[in-house]
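The values are calculated or read from the model by the stated rules, or taken from the named source; none is laboratory data. Bear in mind the structure is a predicted one, so any value in this text is a computation, not a measurement. All Cβ positions, even for glycine, are placed from backbone atoms using ideal geometry, and neighbour counts span all protein chains on display.
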Amino acid sequence: MAIRALNRDELEKLDSIWKSPGYLAAIIAVACAFGAWSLLLPVIPTAVLDAGGSNTLAGATTGIFMATTVVTQIFTPRLLRQFGYNPVMVVSAMLLGVPALGYLLGMTAGPALLFSAIRGVGFGALTVAQSALIAELVPHRLLGKATGTMGLLVGLSQMVGLPLGLFIVDSMLGFPAACVLAAIIGLTAGAMCMRIPKIRPTTQVEVDSNATIPEGPQEDHQGQARPSQARQPQTTMAAHTPAWKLVTVPAIAICSLSMSFGAVSSFLPAAVRELDPVTGAVLAGLMLSVVGGAGMIFRYSSGIIADKRGVAGGTMIPGQILGLVGIGLMALVLAQGWSVWWLVLAAILFGGGFGFVQNESLLTMFARLPRSQISSASAYWNSSYDAGTGIGSFILGAVAAQAAYAGAFGVGSAIIVAGLVVTCLDKIGGKYRIAETNNTRARLRRIPVAYKAVQGARRLRGKARRPQRPGPRQ
């Protein structure tokens, strides 16, 4: 029997995310999707090399997977509006799971690239749909905890999947068993998607649905601060301003951290082994788990904090600072040759900061866009994350080739600084946001410095236009 979907008023009366119909199935589907992805992430390049393929082909399998993932994420919101969540998610899960069996045909260029591309399409559509669906299934006041819990399961699935895939390949079961398991996990995600209520993305005409999580304390007509409400009407500015303008700042924040993560995931294990061949040999395999574990805990904590404060964005800047300190410490330790244990601390700091920014950037996008564009917010977030990881791996990999690992992490620090500056400027400018659309004059009037400058310019212009009085006759 199909599960009945609750309307928004019924959802807002729930006191727990676990009472929301379909939420448990949704987060299990999320965990399975990332499990199927992470299980084969290190396995496929290794299998290509074992089959006699080149390093270029091995890297291309991951590259084409991420490329089709990002491209698919761009078009997924349109598919969700046209077909709804369930059909898109079920088909996506099939595309992620079943093609894993195609690798059994051989690891030459044709099968390896073809089935990686198909799986990327499924993964891209599934990640966007799942993130957007979470916002449709839970009360707005509990959205932070809901997304944090999702991040917790994503982190757990990656922590299990990444080493498990390699373990299976190295065991008596071998490469075919890893492919079969990935297919089963992907199909499990599809089965869970069938347990989700059949709902469509909220449309603009549903007036009562145009509420978002506020980004800051609200004020009454007397200018007094009042508690933020879970349901606030969307402003005219959000309704008419292009979506990309509203999400640019959180997109830059998550992209800057994910670019640095591209370097961390690619080079940190090797850097640990290079710094201390003895202790590093033991720690190298655990470093990415340390980063992922810290990110998982901090991402969940960020959601709890956001729900308690009633606003999105509270841990964004602290997260960027933590990430900056973490990757900066990595660069410093490698440059100075300090103890390898400092890299463990750096991994915890970077992972924690990355976890904060992951959750806050998603919540901020949900807050800035009307509910009719929730799927677009999810697409922007996932595209920023995945594109940042891929671009960061490529650019910082080139830096590492010229300036060693310390140089790559140093450039990663600079990238985070740029994102932090943008976030701080937006934080300052956000104090003067108003509801008028495309009204530059009204915006400037709200900024004291700009207002004084405009008034001063007007006075000078008035004096220049005023005719001078004739002097006294001699």
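Residue pairs whose Cβ atoms lie under 6 Å apart, sitting 6 or more positions apart in sequence or on different chains, and linking a residue in segment 5-29 that is closer than 23 Å to Leu187 by Cα to a partner that is modelled with pLDDT of 80 or more and of a type in the set (Asp, Glu), do not occur here.
Against the condition touching a helix residue (DSSP H, G or I) at 6+ places or on another chain (Cβ under 7 Å), of a type outside the set (A, V, I, L, M) and farther than 29 Å from Ser375 by Cβ, how does Tyr103 come out, does it pass?
Values: touching a helix residue (DSSP H, G or I) at 6+ places or on another chain (Cβ under 7 Å): yes; of a type outside the set (A, V, I, L, M): yes; farther than 29 Å from Ser375 by Cβ: yes.
Spelling it out, Tyr103 is indeed touching a helix residue (DSSP H, G or I) at 6+ places or on another chain (Cβ under 7 Å), of a type outside the set (A, V, I, L, M) and farther than 29 Å from Ser375 by Cβ.
Just to verify a result, which residue in segment 344-374, among those that are closer than 23 Å to Leu137 by Cα and β-branched (Val, Ile, Thr), is nearest to the chain's Cα centre (by Cα)? Reasoning before the result, please.
Going residue by residue through segment 344-374, those that are closer than 23 Å to Leu137 by Cα are 355-374.
Subsequent filtering for residues that are β-branched (Val, Ile, Thr) retains 357, 364, 374.
Numbers: Val357: 8, Thr364: 11, Ile374: 14 Å.
Going through the qualifying residues, I end up with Val357.
Out of Gly303, Gly314, report the one residue that is over 21 Å from Gly388 (Cα atoms), in a loop (DSSP other than H, G, I, E, B) and touching a residue at least 12 places away in the same chain (Cβ under 8 Å). From the options Gly303, Gly314, the qualifying one is Gly314. Against the list (1) over 15 Å from the mean Cα position of the chain (by Cα); (2) closer than 19 Å to Ile416 by Cα, the condition Arg309 fails is (2).
Looking across segment 334-361, the residues that are over 16 Å from Asp307 (Cα atoms), without any contact (Cβ under 8 Å) to a residue 60 or more places away in the chain and buried (at least 24 other Cβ atoms within 10 Å of the Cβ) come down to Ala346, Gly352. Out of the residues in segment 375-402 that are over 20 Å from Glu136 (Cβ atoms) and among the aromatic types (Phe, Trp, Tyr), which is modelled with the lowest pLDDT? Only one residue tops the list, namely Phe394. Every listed requirement among (1) surrounded by fewer than 20 Cβ atoms within 10 Å (Cβ to Cβ); (2) among the hydroxyl-bearing types (Ser, Thr, Tyr); (3) part of a helix (DSSP H, G or I) is met by Thr364 save one, (1).
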